[in-house]
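Below is one structure, written out as structure tokens; comments come after it.
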Amino acid sequence: MATRAPDGRTYLSRQYASYPYHICRPQIVEGDPAGMMTLYLQSCAGGMFEHDRLAESVRVDARAAMHLTTQASTIVHSMTEGTASQTVELSVGSGGCLEYLPDPFILFPAARFENRIRLLLEPDATAIVGEAFLSHDPRGGKALYRGYASEVRVERDGELLLLDRMAIEDPSEPVPGAGERYRAHGSLFILGMPGAEAEILGAVRTALAGVAGGYVGASALPRAAGFSVRILAEDAWALRQATLAAWSCARLAATGRSPHPRRK
Amino acid sequence: MRDDAALLVALQHADSFFPGGGTAFSWGLEPLHGDGRVADAAAVERFLGTQIERRWASCDRPFLVAAHRAAGDLGRIAEIDRVYMAMVLPRELREGAVRAGGALLEIHRRLATAGAADYRALVRDAGASGALPVVQGFVWRACGIEEAAAAALSAHALSVGVVGAAIRLGIIGHVAAQAIIMAMRPLIAAQLAEPALDIREAHSFAPAADIAAMRHETQTARLFAN
């Protein structure tokens, strides 16, 4: 749980982590909005394995600000019959800000994984939420994962703002329907940004147009909730460039300053 | 209703002569064509197959079936409508669903289909959206079309809409269009042989078409609304 201190800084007011999670020491990154805390969530497990059931719960209190990320991509290892899953509960208090930008899941051959993210926003809360996966065969072949399911659900004051649910079973291409060329897919949701929506969207589109190795689009969400970005990328590098471009642009529009990419 | 009468009802509503407003939309085909990603009949067939399997079967059909089963309960239908709209992220696809659904609803209002006028009032005054699959499910039930036939009609309408767009974009001719519609048949039949998903499990994943539809928003030279 992240809380705003009287001096404006966000601090970690409560924390609990059990295996395999490790919560790193909060950091302040130069160029971030005043008081924003950056937190790396690490796993000491070496990835996700069959039958893993992980759960995260993150609360950002009113007017607190947090950037939450991981130190590296998460490998989802090959499995026999079972699956692995992760459930993420996020909530942001009034006037608070959360950037939840974990690195992508790397799906090894025969991996099965389910990722479920639920975000509750209170009035005037803002958030940027990312979700991404990449298909990878460590032996250099073309073997694919077996299943990937993802759900991102965002609610504001009990009202459903967006529900992005995908379920891929026994794919014949790394990203189904996208051709052999693309190995990675990412979604980014930019929510509750105040001010000139059309201008922010225009800026995000301009920034995305410069990303090589990607096919990328951005569009306004229903109920004036913000906007979504979809990314098809040839590799991890292109995925990261597109994600950074959209995030950086949204931050610049919201705060007047571009952020520094986090060290990984 | 006798079987031949049911067939005639289905034929009327499946006919592209029925003024349901389906010809203004390409559902992402035009921008994919514009980006050089769909250039021939094989690519149109792949695009439509993806739309059928990864959007229609797993998302549109569950919402159509739920609206059909709501049996004219407009409050329930409005709820189903709301969830559907939260699941369509590219603005033009959302607006396309609303415009096509609105056109279908309006013609059914004028034909005095049960519930159409009342639901149209909810769209106008109470913030209901009237998304296409939801309107299809509820008005077709009111016309006496059974659930499975309504779902087949909806898949057929999507197929005709997409190949029609492909013809007007100059990608394929009329014969190839019919061949593609025939190629969709086993795909659609296989989906219909499975029970429809509950809307709480509905999902869709057609990122290339989503991205194309998002990019279409800033393209000025266009024939279609999406």
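The values are calculated or read from the model by the stated rules, or taken from the named source; none is laboratory data. Everything quoted here is computed from the prediction, not taken from an experiment. Cβ: placed from backbone, ideal geometry, glycine included. Neighbour counts: every protein chain shown.
The table below gives the values:
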{"read-out": "Among (1) within 13 Å of chain A (Cβ to nearest Cβ); (2) farther than 24 Å from A:Tyr215 by Cα, the one test that B:Ala6 misses", "value": "(1)"}
{"read-out": "Residue list for region A:200-242, filter: surrounded by fewer than 17 Cβ atoms within 10 Å (Cβ to Cβ) and either of a type in the set (A, V, I, L, M) or in a helix (DSSP H, G or I) (or both)", "value": "A:Gly202, A:Thr206, A:Ala209, A:Ala212, A:Arg223, A:Ala224, A:Trp237"}
{"read-out": "In region B:81-115, residue nearest to B:Arg55 (Cα to Cα) [restricted to those that are more than 10 Å from chain A (Cβ to nearest Cβ) and crowded, with 23+ Cβ neighbours inside 10 Å]", "value": "B:Ala97"}
{"read-out": "Within region A:1-105, strands (runs of 3 or more DSSP E) holding 3 or more residues that are under 17 Å from A:Gly130 (Cβ atoms) and either touching a Pro at 6+ places or on another chain (Cβ under 9 Å) or of a type in the set (Gly, Ala, Ser) (or both)", "value": "A:37-43, A:65-70"}
{"read-out": "Residue tally, condition within 14 Å of chain A (Cβ to nearest Cβ) and either farther than 17 Å from B:Asp35 by Cβ or without any contact (Cβ under 8 Å) to a residue 60 or more places away in the chain (or both), over region B:212-224", "value": "1"}
{"read-out": "Those residues of region B:34-51 which are assigned to a helix (DSSP H, G or I) and surrounded by fewer than 23 Cβ atoms within 10 Å (Cβ to Cβ), in sequence order", "value": "B:Gly34, B:Ala41, B:Ala42, B:Ala43, B:Glu45, B:Arg46, B:Gly49, B:Thr50"}
{"read-out": "One residue from A:Ala167, A:Ala184, A:Ala178, A:Ala246 being farther than 29 Å from B:Ser129 by Cα, modelled with pLDDT of 95 or more, within 13 Å of chain B (Cβ to nearest Cβ) and touching a helix residue (DSSP H, G or I) at 6+ places or on another chain (Cβ under 9 Å)", "value": "A:Ala184"}
{"read-out": "Meets criteria (under 13 Å from the mean Cα position of the chain (by Cα), closer than 30 Å to B:Arg222 by Cα and in a helix (DSSP H, G or I)) for B:Val83", "value": "no"}
{"read-out": "Failed criterion for A:Leu201 (all others in (1) within 11 Å of chain B (Cβ to nearest Cβ); (2) closer than 16 Å to B:Pro207 by Cα hold)", "value": "(2)"}
{"read-out": "Which listed residue, of B:Ala193, B:Ala208, B:Ala189, B:Ala183, is on the phi < 0 side of the Ramachandran plot and either buried (at least 17 other Cβ atoms within 10 Å of the Cβ) or within 14 Å of chain A (Cβ to nearest Cβ) (or both)", "value": "B:Ala208"}
{"read-out": "Options A:Ala220, A:Ala212, A:Ala238; residue that is within 12 Å of another protein chain (Cβ to nearest Cβ) and of a type outside the set (Phe, Trp, Tyr)", "value": "A:Ala220"}
{"read-out": "Scope region A:148-164; condition assigned to a strand (DSSP E or B) and more than 12 Å from chain B (Cβ to nearest Cβ); matching residues", "value": "none"}
{"read-out": "Per-region count, region B:109-128, residues over 17 Å from B:Asp73 (Cβ atoms) and either touching a helix residue (DSSP H, G or I) at 6+ places or on another chain (Cβ under 8 Å) or not basic (Lys, Arg) (or both)", "value": "5"}
{"read-out": "Residue count for region A:225-241, restricted to those that are small (Gly, Ala, Ser) and within 27 Å of A:Arg156 (Cα to Cα)", "value": "3"}
{"read-out": "Only listed residue being small (Gly, Ala, Ser) and over 15 Å from A:Tyr148 (Cα atoms), chosen from A:Ser78, A:Ser94, A:Ser85", "value": "A:Ser94"}
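Residues are listed down the side, and each one gets a yes or a no for (1) polar (S, T, N, Q); (2) touching a Ser or Thr at 6+ places or on another chain (Cβ under 9 Å):
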position	(1), (2)
A:Arg4	no, yes
A:Gln15	yes, no
A:Leu41	no, yes
A:Phe49	no, no
A:Met66	no, yes
